[in-house]
């Protein structure tokens, strides 16, 4: 069964199907940093390849695709807190949207 890659933009939390470049570069590794630009909010995100979700079923036809802008060589010392920092960014943006919609938290 083929697997697909899914990306969640930390800025707007929209889901996208990742379209990889034709032949993957020979320096691609799970510890490579991948640069992508969100078509909805325009935020450019650079994250490790292991943070891109693998899904086993084909994404819904309504999910837009996003292209990879660049793939860096393998990072010899990847950030051990990469997953936590990525989730913090999502939660910080979610809190900012909540605060803008409902006023300051009391």
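Values in this text are rule-based calculations from the coordinates and carry no lab data. Model, not experiment: these values are computed from the prediction. Cβ placement follows ideal geometry from the backbone for every residue including glycine, while neighbour counts extend to all protein chains displayed.
What value, in deg cm²/dmol to 500, does the helix sum -39500 (n - 2.57) over DSSP H runs of n ≥ 4 give at 222 nm once divided by the residues of the chain?
Roughly -7000 deg cm²/dmol at 222 nm, from the helical runs in the chain.
Quick one: angle between helix 82-102 and the longest Cα principal axis of the chain, in degrees between 0 and 90, rounded to 10, please.
30 degrees
Using Cα centres only, tell me the gap between segment 66-86 and segment 1-53 in whole Å.
Between the Cα centre of segment 66-86 and that of segment 1-53, the gap is 10 Å.
Mind listing P(r) for the chain? All alpha-carbon pairs, 5 Å bins, whole percents.
So the P(r) values, bin by bin, are 2, 11, 19, 22, 20, 13, 7, 4, 2, 1, 0.
Listing 45, 35 from the residue with the fewest other Cβ atoms within 10 Å to the one with the most, what is the order?
35, 45
Round to the nearest 0.05 the FRET efficiency obtained for residue 91 and residue 20 when R0 = 30 Å and r is the Cβ-Cβ distance.
Efficiency, rounded to the nearest 0.05: 0.60.
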